[in-house]
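Asker: I have a structure here, written as structure tokens, and I will follow up with some questions on it.
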Amino acid sequence: VTVKIIVATRSTEKSRVWCSAFEPVWPEAHFIAWADEQGAVDADYAIVWGPPAELFQRELQLKAVFNLGSGVDALMKLPALPDNLPIVRLEDGGMVEQMVEYIVHGLVRASREFTAYEASQRAGHWNPLPPIRRDEWPVGVMGMGTIGAVVAQRIASLGYSVAGWSRSPHSIPGVRNYSGPGQFSAFLARTRALVNLLPLTPATENILNRDTLGQLHPDAYLINVARGRHLVEADLLDLLDSGRLKGALLDVFRTEPLPAGHPFWQHPKITVTPHISAITLARNTAEQIVNKIHLMRRGQPVTGLIDRAAGY
Ligand SMILES: NC(=O)c1ccc[n+]([C@@H]2O[C@H](COP(=O)([O-])OP(=O)(O)OC[C@H]3O[C@@H](n4cnc5c(N)ncnc54)[C@H](OP(=O)(O)O)[C@@H]3O)[C@@H](O)[C@H]2O)c1
């Protein structure tokens, strides 16, 4: 019997594009793009990114759902999502290398004063600033998962002092580990460049706020590449405007696209990018998900299963 897989993303057109990425990887399977007007297709598996809530009311035979990204926060909010349906997230999918580059860019932008030099150029000023030492830039990475652990090691290999913070303890060569709420303040207090790579869960929503960002080194720099809802935007603006923080590189926002007229657009201390720090690569993603479906069908364990209680 042919395996039926429904692909439900933000539009039928985008779902069709994803189907054509999967079809060459598994030609024997039947990939069906979600369309609002179509009836139930009795799919065995679903592959999703921001699917319509009706997916889980219409498709009642699903054995598992595969998310086309690392973060499942939007999926977990769907009320019709059955409690016992296994959810599998994307692991890396070509994103780790992109994230390393993006974060190294942000760190060097801060530590080597590129924002100030860009302003000097626009003003026509030849204005060398005092050299900056790496030991003045301890880096803290929130989240030691698939992405955070690699990012932390790469930054450490450049000669920065790096710490990681996670829910459970991790031992990563060259990276000092802090874990749990009890060690969060100590982690913040040793950090000047803060990188957020946490999943968005009830425990991490609004975690970047006046109180936590205020515990960083003076003149600290924030790089948020995880989710917009981690950050209390008004608190960041206050800390930047009072001079408590040096600047921020932001890839994710509470509302995306970032609304016209939002204060972040023109802020001299903020660099904005449109959620591009790491993009899922279609071929890599299709191969990863198809491999996992084969494993499941053979009754073998797969990695990347979401812990429904923890929310990631
Ligand atoms: N901007 C983009 O384009 C983009 C692209 C990809 C991913 N992302 C974001 O990056 C996030 C991380 O991705 P990933 O693949 O690295 O995730 P992951 O492998 O699930 O890792 C998550 C890490 O966060 C830690 N964590 C979770 N809840 C915590 C809490 N309450 N307190 C402290 N630590 C906590 C986990 O701790 P344990 O190790 O103890 O479990 C783990 O180390 C995604 O969820 C997504 O939101 C953004």
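Asker: Does ILE155 meet the test of being more than 30 Å from PRO51 (Cα to Cα) and either in a helix (DSSP H, G or I) or within 16 Å of the ligand (Cβ to nearest atom) (or both)?
Answerer: Values: more than 30 Å from PRO51 (Cα to Cα): yes; either in a helix (DSSP H, G or I) or within 16 Å of the ligand (Cβ to nearest atom) (or both): yes.
Yes: the conditions hold for ILE155.
Asker: Looking at the range 17-40 only, could you name the residues that are among the polar types (S, T, N, Q) and either within 14 Å of GLU59 (Cα to Cα) or in contact (Cβ under 8 Å) with a residue 12 or more places away in the chain (or both)?
Answerer: Within the range 17-40, the first condition is being among the polar types (S, T, N, Q), and the residues that meet it are 20, 38.
Correct list: GLN38 only.
Asker: Also: Kindly evaluate GLY106 against the criterion of being under 28 Å from SER179 (Cβ atoms), touching a Lys or Arg at 6+ places or on another chain (Cβ under 8 Å) and among the small types (Gly, Ala, Ser).
Answerer: no
Residue-wise test of (1) part of a loop (DSSP other than H, G, I, E, B); (2) within 20 Å of ILE132 (Cα to Cα); (3) free of Cβ contacts under 8 Å to residues at least 12 places away in the same chain; (4) within 10 Å of the ligand (Cβ to nearest atom).
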{"residue": "ALA186", "(1), (2), (3), (4)": "no, no, yes, no"}
{"residue": "THR191", "(1), (2), (3), (4)": "yes, yes, no, no"}
{"residue": "VAL195", "(1), (2), (3), (4)": "no, yes, no, no"}
{"residue": "ALA203", "(1), (2), (3), (4)": "yes, no, no, yes"}
{"residue": "ASN206", "(1), (2), (3), (4)": "yes, no, no, no"}
{"residue": "ASP211", "(1), (2), (3), (4)": "no, no, yes, no"}
{"residue": "HIS217", "(1), (2), (3), (4)": "yes, yes, no, no"}
{"residue": "LEU222", "(1), (2), (3), (4)": "no, yes, no, no"}
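Asker: Oh, and also: Name, by its number, the condition in (1) within 18 Å of the chain's Cα centre (by Cα); (2) within 23 Å of TRP137 (Cα to Cα) that does not hold for ILE276.
Answerer: For ILE276, the failing item is (2).
Asker: Which of the residues belonging to the range 263-278 are in contact (Cβ under 8 Å) with a residue 24 or more places away in the chain, in a strand (DSSP E or B) and among the hydrophobic types (A, V, I, L, M, F, W, C)?
Answerer: Answer for the range 263-278, where residues must be in contact (Cβ under 8 Å) with a residue 24 or more places away in the chain, in a strand (DSSP E or B) and among the hydrophobic types (A, V, I, L, M, F, W, C): just ILE270.
Asker: Only one residue in ARG176, ARG229 is within 13 Å of the ligand (Cβ to nearest atom), in contact with a Lys or Arg (Cβ under 9 Å, 6 or more places away or on another chain) and outside any loop (DSSP other than H, G, I, E, B). Which one? Full working, then the answer.
Answerer: Details: ARG176 fails: within 13 Å of the ligand (Cβ to nearest atom).
Just one listed residue meets the conditions, ARG229.
Asker: Checking ALA119 against (1) touching a His at 6+ places or on another chain (Cβ under 9 Å); (2) touching a residue at least 60 places away in the same chain (Cβ under 8 Å); (3) of a type outside the set (Ser, Thr, Tyr); (4) within 16 Å of the ligand (Cβ to nearest atom), which test does it fail?
Answerer: Of everything listed in (1) touching a His at 6+ places or on another chain (Cβ under 9 Å); (2) touching a residue at least 60 places away in the same chain (Cβ under 8 Å); (3) of a type outside the set (Ser, Thr, Tyr); (4) within 16 Å of the ligand (Cβ to nearest atom), ALA119 misses just condition (4).
Asker: From (1) within 16 Å of the ligand (Cβ to nearest atom); (2) surrounded by 20 or more Cβ atoms within 10 Å (Cβ to Cβ); (3) aliphatic (A, V, I, L, M), pick out the condition that doesn't hold for VAL104.
Answerer: Result: VAL104 passes all but (2).
Asker: Answer yes if at least one residue in the range 54-61 is in contact with a Leu (Cβ under 9 Å, 6 or more places away or on another chain) and within 29 Å of LEU281 (Cα to Cα), and no otherwise.
Answerer: yes
Asker: Looking at the range 106-147 only, could you name the residues that are charged (D, E, K, R) and at negative phi?
Answerer: If the condition is that a residue be charged (D, E, K, R) and at negative phi, then ARG109, ARG112, GLU118, ARG122, ARG133, ARG134, ASP135, GLU136 are the ones that fit.
Asker: Could you figure out which of (1) within 16 Å of the ligand (Cβ to nearest atom); (2) at pLDDT 95 or above; (3) out of contact with any strand residue (DSSP E or B) (no Cβ under 7 Å at 6 or more places or on another chain) isn't true of ASP238?
Answerer: (1)
Let's see how each residue does on (1) buried (at least 20 other Cβ atoms within 10 Å of the Cβ); (2) farther than 21 Å from ALA226 by Cα:
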site: GLY93; (1), (2): yes, no
site: VAL96; (1), (2): no, no
site: ALA116; (1), (2): no, yes
site: TRP126; (1), (2): no, yes
site: ALA156; (1), (2): yes, no
site: GLY159; (1), (2): no, yes
site: VAL175; (1), (2): yes, no
site: LEU188; (1), (2): yes, no
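Asker: Related question: Of all residues in the range 279-302, which are of a type in the set (Lys, Arg) and touching a residue at least 24 places away in the same chain (Cβ under 8 Å)? Spell out how you get there, then give the answer.
Answerer: The initial filter retains those residues of the range 279-302 that are of a type in the set (Lys, Arg), namely 283, 292, 297-298.
ARG283, LYS292, ARG297 - these are the residues of the range 279-302 that are of a type in the set (Lys, Arg) and touching a residue at least 24 places away in the same chain (Cβ under 8 Å).
The values are calculated or read from the model by the stated rules, or taken from the named source; none is laboratory data. Treat the numbers as computed from the prediction; the structure is a model and nothing was measured. As a convention, Cβ positions derive from the backbone with ideal geometry for all residues, glycine included, and neighbour counts pool all protein chains shown.
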